[in-house]
Ligand code: ZN
């Protein structure tokens, strides 16, 4: 199973990171051990002092495909979930400065909490999916798929040029603005619309 994460897919987040808007999608990978199953706490790793949450809509691929045309991409997924792309921002900054790859900042154990439930896309308007993240009860991120620079079908078409997508692969579709740090004791809750999708304690 692959975890593919999209960087800079919302203009406001790119701006807060002082990054340029991408002309084509930018993606990176997390290892399978990054998945944090529902109900498990996130243990704050000792190699970072600045872990950030990034709440993201997650697409679950349910059919194998390669070089998928954008107009057929919708046939390759049927459910949308919600997750967090935890990022060691301090290590990521060092990697960026050195031109090094990002794995130590992005692909560590437990860095990809995922919702238990996925919502059938037939119950959603894919071009208008509101989602949000609260930290200790306070809303810290609000996003909507209508603000994506590249929509889900465009992402699938792009990624599948480089690698075959398989059943069970997950695409974290990028985070909106409002990323910030967590500390031990924090509780994060993610929502699609009003529906609670996950709850993660930081320990
Ligand atoms: Zn992200």
Quiz item: Failed condition for residue 21, given (1) touching a strand residue (DSSP E or B) at 6+ places or on another chain (Cβ under 9 Å); (2) more than 12 Å from the ligand (Cβ to nearest atom); (3) at pLDDT below 95, with all others met?
Solution: (1)
Quiz item: Out of curiosity, is residue 36 at pLDDT below 95 and either more than 26 Å from residue 135 (Cβ to Cβ) or within 16 Å of the ligand (Cβ to nearest atom) (or both)?
Solution: no
Quiz item: How many residues does region 41-64 hold that are in contact with a helix residue (DSSP H, G or I) (Cβ under 8 Å, 6 or more places away or on another chain), closer than 15 Å to residue 169 by Cα and either loosely packed, with under 15 Cβ neighbours inside 10 Å or without any contact (Cβ under 8 Å) to a residue 40 or more places away in the chain (or both)?
Solution: 1
Exercise. Using the structure shown, decide if residue 88 is away from the ligand (no atom under 14 Å from the Cβ) and modelled with pLDDT of 95 or more.
Key: no
Exercise. Just need a number here: residues in region 64-94 that are outside any helix (DSSP H, G or I) and in contact with a strand residue (DSSP E or B) (Cβ under 8 Å, 6 or more places away or on another chain).
Key: 16
Exercise. Could you list, in sequence order, all residues of region 77-92 that are out of contact with any helix residue (DSSP H, G or I) (no Cβ under 6 Å at 6 or more places or on another chain) and farther than 18 Å from residue 174 by Cα?
Key: 90
Quiz item: Restricting the search to region 101-135, which residues are more than 16 Å from the ligand (Cβ to nearest atom) and surrounded by fewer than 13 Cβ atoms within 10 Å (Cβ to Cβ)?
Solution: 116, 120, 122, 123, 125, 127, 128
Quiz item: residue 175: buried (at least 19 other Cβ atoms within 10 Å of the Cβ), in contact with a strand residue (DSSP E or B) (Cβ under 6 Å, 6 or more places away or on another chain) and not in a helix (DSSP H, G or I), yes or no?
Solution: yes
Quiz item: Between a first residue in region 160-178 that is within 12 Å of the ligand (Cβ to nearest atom) and a second residue that is in a loop (DSSP other than H, G, I, E, B), which pairs have beta carbons less than 7 Å apart while being 6 or more apart in sequence or on different chains?
Solution: 172/85; 173/9; 174/8; 174/9; 175/54; 175/85
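The values are calculated or read from the model by the stated rules, or taken from the named source; none is laboratory data. Quantities reported herein were computed from a predicted structural model and do not represent experimental measurements. A quick note on method: Cβ atoms are made from the backbone with ideal geometry, for glycine too, and the neighbour counts reach across all protein chains shown.
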